[in-house]
Amino acid sequence: MPEGVRAAFEFRHESWFTDEVYRALADRGAALVTADTGEGEAPVVETATFGYARLRRPGYGEDELAEWAAALARPAWSDVFVFFKHEDEGAGPRLAEGFRGVWGARS
């Protein structure tokens, strides 16, 4: 990767969630994407100076958003990028606004 470019990798099979992969990402300053699809555990692992999360389940209540905010605040990231994949329902902006509210209220 060119100097100064932030790279994030999303793996969809559990075989990728190993210490060896985490070290390889960390050695290159690349982020492990935390992808919540509702189909298993979404690891939150600090491999870069920034975090990247894709919250993709059909819906999130305020308590669930608060849990995600707490989980994503634990690593010592300089920035956290959180995306909601809900273009079919058009719910992404509403969920992002809800997340923004619980993110700001967590301190």
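The values are calculated or read from the model by the stated rules, or taken from the named source; none is laboratory data. Just so it is clear, the model here is predicted, and its values are computed rather than measured. In this analysis, Cβ positions are derived from the backbone assuming ideal geometry, glycine residues included, and neighbour counts consider all displayed protein chains. These accessible areas exclude ligands, DNA and RNA; they are computed on the full protein's heavy atoms, side chains included. Shrake-Rupley method; radii C 1.70, N 1.55, O 1.52, S 1.80 Å.
Any residue at all in segment 28-48 that is touching a residue at least 24 places away in the same chain (Cβ under 8 Å), open to solvent by 90 Å² or more (accessible area, probe 1.4 Å), of a type in the set (D, E, K, R) and in contact with a helix residue (DSSP H, G or I) (Cβ under 9 Å, 6 or more places away or on another chain)?
Checked segment 28-48: at least one residue is touching a residue at least 24 places away in the same chain (Cβ under 8 Å), open to solvent by 90 Å² or more (accessible area, probe 1.4 Å), of a type in the set (D, E, K, R) and in contact with a helix residue (DSSP H, G or I) (Cβ under 9 Å, 6 or more places away or on another chain).
Give me the residue from segment 81-103 that is within 16 Å of Ala42 (Cα to Cα) and open to solvent by less than 40 Å² (accessible area, probe 1.4 Å) and, out of that set, modelled with the highest pLDDT.
Only one residue fits best here, namely Val82.
Among the numbered criteria (1) modelled with pLDDT under 95; (2) of a type in the set (A, V, I, L, M); (3) within 12 Å of the chain's Cα centre (by Cα); (4) farther than 19 Å from Trp16 by Cβ, which one does Ala42 miss?
Evaluating Ala42 over (1) modelled with pLDDT under 95; (2) of a type in the set (A, V, I, L, M); (3) within 12 Å of the chain's Cα centre (by Cα); (4) farther than 19 Å from Trp16 by Cβ leaves (4) as the failure.
Scan segment 76-107 residue by residue and report those that are more than 23 Å from Glu39 (Cα to Cα) and under 12 Å from the mean Cα position of the chain (by Cα).
If the condition is that a residue be more than 23 Å from Glu39 (Cα to Cα) and under 12 Å from the mean Cα position of the chain (by Cα), then Trp77, Asp79 are the ones that fit.
Return a yes/no flag: does segment 8-23 have any residue that is touching a Lys or Arg at 6+ places or on another chain (Cβ under 9 Å), in contact (Cβ under 8 Å) with a residue 24 or more places away in the chain and open to solvent by less than 50 Å² (accessible area, probe 1.4 Å).
No, every residue in segment 8-23 fails to be touching a Lys or Arg at 6+ places or on another chain (Cβ under 9 Å), in contact (Cβ under 8 Å) with a residue 24 or more places away in the chain and open to solvent by less than 50 Å² (accessible area, probe 1.4 Å).
If a residue has to be closer than 27 Å to Glu3 by Cα and surrounded by fewer than 19 Cβ atoms within 10 Å (Cβ to Cβ) to count, how many in segment 49-67 make the cut?
Residues that pass the stated criteria total 3.
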